[in-house]
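Read through the structure below, which is laid out as structure tokens, and then see the notes.
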Amino acid sequence: MKTDAIIIGGGLMGSSTALQLAMRGVRCRILEKESPGRHASGVNAGGLRQLNRHPAEIPLTVEAARMWRDIESLLDSDCDARFPGQLRVAESAQDLELLEQRAALVRSLGYDHEEMIGRDELYQLVPALAPHCVGALICRQDGYARPFHALTAFRHKASSLGVEYHVKTIVDAIERERGNWRVTTRKGDFQAPVLVNCAGAWAGRIATSLGEPVPLKPGAPMMMVTERLPHFIDPVIGAASRKLSFKQMQNGTLLIGGAHMADLDFQQQSTQISWPKLALSARTVMALFPQLNDVRIVRTWAGIEAFMPDNLPVIGRSSSAEDAWHAFGFSAHGFQLSPVVGKILAELIVDGATSFPLEPFAISRFNQNQTG
Amino acid sequence: MNDHYRLVIIGAGPAGLAAATVAADHGVETALLDEQPAPGGQIFRAIESAPDKRARQLGPEYRRGEKLVSAFRHSSARYYPDTQVWSLSADREIGLNHRQQAQVISADQVLLANGAFERPVPFPGWTLPGVMNAGAGQILFKGSGIVPADGVVLAGSGPLLLLLAWQYLRAGVKVRAVLDTISRSNYLKALPWLPKALMVHHHITQGLRYQQTLRLAGVELHNGISDLQAHGSESLETISYRHKGSKHRLKTDSLLIHFGVIPNIHLSQAAGCNHYWHARQQCWRPELDLWGSSSIDGILVAGDGGGIGGARTAEHAGRIAAFQVLHNLGVISQRERDREAARDRKWMKADLRIRPFLEKLFSIPDSMLRIPHDNAIVCRCEEVTAGEIRSAIAEGHGDSNQVKFLTRCGMGPCQGRQCAQAVAQIVADKTSLPMKKSTQFRVRPPLKPLTLGQLASLYPDEPE
Amino acid sequence: MFKRLDESPRQTVTVIINGHHVVVPEGESVAAAVLAENIGFTRTTPVNNQPRAPFCMMGVCFDCLMVIDGVPNQQACMVQVRDGMRIERQHGSGV
């Protein structure tokens, strides 16, 4: 009977997993090397996006979306979530065709959350858009929340159910000892029968010490936030053939992303904005919203995230060790999935099985790629 | 503007001007970037255009700036006014807007001479129109000859308060009161730091002379005040404070406050230089060696931006740093550097001897810094109160950055310049940590406003 | 309230403050000009709609944000007056 779990990583995945385990009576201790939400979980774009996910993720994202719409009953907080929809805008006939193919694919898989809209409806929904666009792919139930507030809500709820957060606790070694995991940290040793690796960009190290190295690459996608503006746009905007994630937050600021990468020194945990690439990001925004020319950027940053070569996360049982599980590698699109990932891991750990198809996320897919 | 300079100096106050002159006179291609339209920094603001009468009212120290600016103008250093620096990296890439045009340049050596700004100390009502920094009053006076019309109250701590009161009197402004937070115990605490040199007496007698002049002119002078508050609905109407055990009120529409100055470390933080908390000066400072070299190769700091020392010290520090730059660039040998810097070193040492005493004398009471009223607005931009910050800490957000993430404190346009210290003080107080262990806000570019259009205009040939 | 000291005449420009034409000395900052004009508050805050006016006059507080020539969020203390310049109070986040 698995009554006790150690979870490495106090971000969204770790907190969501701990919460779901605690709801099932498992005692959880989270080992967090800095403070909860210090990295990817606290500084991402906050997108609640089902739109344009890899087919493998679709069953998960749809369930996660259902959970987000009712997040208050899970977390006692609505995380300031909003659901004005999300669009991928087509600027040419080529773009349109790509999007139509996507819509057809999703339908063929039995889902209806993505649909095409034409020019008229597009400009009804987004009057601020530059006039050259020809249509879009939309998910009407998509939206956004505030990531650090969501994480804080997960943390509070988990703590209220007895989850212990050990902060500034860096894991030094992990060993198997008489049917238990023994985790050595600078703040003391922890033991439990269950070990969960939710260590984000540092999950590769944990996987290595479990004997299953993975080709995880830390990366730092850049974000910008502007000054507050009067409200002028509802849905979140992406583009078919440009790197863009664009939304106006509840407080009027514009949050702009698009996965252009900063220069990252992973050892020092320091990022440096790449101005040439961020200039590209700015040009993308100007192409779709030229009226924003004089809007001032207040802050730029780049959170350290874990990227997998196939852009799919690792979710599921360890392939090399008993009673160990993983949830990492969300490649800049993990926020929305966090509630369901916790549920899946808890089902696996407590019930031994989950109803969600997890083969595409198995860590074993990397076993043949082990490098020395 | 070129893409590259051997030396880029940021800031045109005494440190920047002196350094630029030395470097350029030694043949080094030097660019001085200034966010103001004319040189002089804050202390010598508008010195090239101030009418004689106004310059006289401001006093003899102000005129010293004329020589500095003149020497700079006669040097071969390139001067770029109306230039805002919005990023500085450890490898000395500088993002800037020059007359609204964005550009990224690089330098072999960077000297930060950003000076200081007034320490923001939150108290209830300090955001009301009518409440301004004393330095703001001085800027209006120096730059435009604009002064309070219906009397003014000055409050806080520090030599600038008396100086401004004295300058106002000479200009015919009605100074109602000067309310000093210095208590008698400050004098006692400061005494051990009083150096025995002759130079010191100049500062002390100057201060006493100001006080005498003010008293004779009927100005109320109160020491040891506390619990300062500003009241009014749309703008300042009255102030209140505690003195000798009782509460007092004063009707005024103009309150100028001053709680000392602190180094402007935004750029040195952005570049990633190490900083430390200086307990006596009650501020963060960059770690610097004797030549002004920071913890990052090729980035130096001179003047108040490296630690408060005043205008004269800034001049010397600017020259000393310039000699180090010349040595770094291979223009002069180490011996020549030591020789050339010797005089400035001597004068700077003499100037600095008074500092520990002044710092102890004018130090702000811990209670004012650490424990603002719950309803005092700490983050002016996002209107976050001390009470909200304390709640966030109580909920487990135990450092400045976590507080920022939760409350938006420090996420407004000023990027935490006005609230960084106050937040760190509240966190230190509530988590029982000393300030030297407290965290600073992580500083991210752009440090000054950069529009999407300006950013979009950079690197037009960058491939998608 | 503020007033201008009696000084030797200088070059002037005409700006429009909240719709009123005002003659001000050339080279002055917008913040100084509006303070001398005593218009009271120069903006209301976006979060709680509170009145604010210039505070530091040197570009570090960002409290002096005004709408200048139709563009919001300009630091009035860092902008010099120009002939014909339109200067308006800023309400919240925009115009």
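The values are calculated or read from the model by the stated rules, or taken from the named source; none is laboratory data. This is a predicted model, so every value here is computed, not measured. Counting neighbours? That spans all protein chains shown, and the Cβs are built from the backbone with ideal geometry, glycine included.
Is it the case that C:Asp83 is more than 11 Å from the chain's Cα centre (by Cα), more than 9 Å from chain B (Cβ to nearest Cβ) and not basic (Lys, Arg)? So C:Asp83 fits the description; yes.
The residue list A:Ser73, A:Ser35 contains one member that is in a loop (DSSP other than H, G, I, E, B) and over 21 Å from A:Ser245 (Cβ atoms), which is A:Ser35. Of all residues in segment B:333-351, those that are of a type in the set (Gly, Ala, Ser), at pLDDT 95 or above and surrounded by 14 or more Cβ atoms within 10 Å (Cβ to Cβ) total 1.
On the given criteria, is B:Ala23 within 14 Å of chain C (Cβ to nearest Cβ) and either more than 23 Å from the chain's Cα centre (by Cα) or within 30 Å of C:Leu5 (Cα to Cα) (or both)?
no
For segment A:293-303, the count of residues that are in a loop (DSSP other than H, G, I, E, B) and of a type in the set (Ser, Thr, Tyr) is zero.
Results for (1) within 17 Å of A:Pro313 (Cα to Cα); (2) within 15 Å of the chain's Cα centre (by Cα); (3) surrounded by 23 or more Cβ atoms within 10 Å (Cβ to Cβ); (4) free of Cβ contacts under 8 Å to residues at least 60 places away in the same chain, shown as yes or no for each residue.
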{"residue": "A:Asp4", "(1), (2), (3), (4)": "no, no, no, no"}
{"residue": "A:Gly10", "(1), (2), (3), (4)": "no, yes, yes, no"}
{"residue": "A:Met23", "(1), (2), (3), (4)": "no, no, no, no"}
{"residue": "A:Ile30", "(1), (2), (3), (4)": "no, no, yes, no"}
{"residue": "A:Gly37", "(1), (2), (3), (4)": "no, yes, yes, no"}
{"residue": "A:Val43", "(1), (2), (3), (4)": "no, yes, no, no"}
{"residue": "A:Pro55", "(1), (2), (3), (4)": "yes, no, no, yes"}
{"residue": "A:Glu63", "(1), (2), (3), (4)": "yes, yes, no, no"}
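Only residues that are within 16 Å of the chain's Cα centre (by Cα) and either of a type in the set (A, V, I, L, M, F, W, C) or closer than 21 Å to B:Ile94 by Cβ (or both) were counted in segment B:276-303, giving 7. If you go through segment B:417-464 and keep only what is hydrophobic (A, V, I, L, M, F, W, C), more than 10 Å from every other protein chain (Cβ to nearest Cβ) and without any contact (Cβ under 8 Å) to a residue 12 or more places away in the chain, you end up with just B:Leu433. Within segment A:220-258, if we keep just the residues that are part of a loop (DSSP other than H, G, I, E, B) and touching a Lys or Arg at 6+ places or on another chain (Cβ under 7 Å), the residue that is farthest from C:Met66 (Cα to Cα) turns out to be A:Ala240. Exactly one residue among B:Gly130, B:Gly143, B:Gly158, B:Gly137 is modelled with pLDDT under 95, at the interface with another protein chain (Cβ under 9 Å from one of its Cβ atoms) and within 30 Å of B:Ser254 (Cα to Cα), and that residue is B:Gly143. With respect to the conditions (1) crowded, with 16+ Cβ neighbours inside 10 Å; (2) over 19 Å from the mean Cα position of the chain (by Cα); (3) touching a residue at least 24 places away in the same chain (Cβ under 8 Å), B:Gly318 falls short on a single one, namely (2). Within segment B:68-104, if we keep just the residues that are surrounded by fewer than 16 Cβ atoms within 10 Å (Cβ to Cβ) and in a loop (DSSP other than H, G, I, E, B), the residue that is nearest to the other protein chains (Cβ to nearest Cβ) turns out to be B:Asp91. May I ask you to verify whether B:Ala420 is closer than 30 Å to B:Gly95 by Cβ, of a type in the set (A, V, I, L, M) and crowded, with 21+ Cβ neighbours inside 10 Å? Judged against the criteria, B:Ala420 is a match. Scanning segment B:200-230 for residues that are more than 20 Å from B:Pro159 (Cα to Cα) and more than 14 Å from every other protein chain (Cβ to nearest Cβ) gives B:Asp227, B:Gln229. Annotation for segment C:50-72: at least one member residue is more than 7 Å from chain B (Cβ to nearest Cβ), surrounded by fewer than 21 Cβ atoms within 10 Å (Cβ to Cβ), within 21 Å of A:Val295 (Cα to Cα) and at pLDDT below 95. Checking each residue in segment B:105-115 for being of a type in the set (D, E, K, R) and not in a strand (DSSP E or B) picks out no residue at all. Between A:Phe328, A:Phe356, A:Phe335, A:Phe361, the distinction of being surrounded by fewer than 22 Cβ atoms within 10 Å (Cβ to Cβ) and among the aromatic types (Phe, Trp, Tyr) belongs to A:Phe356 only.
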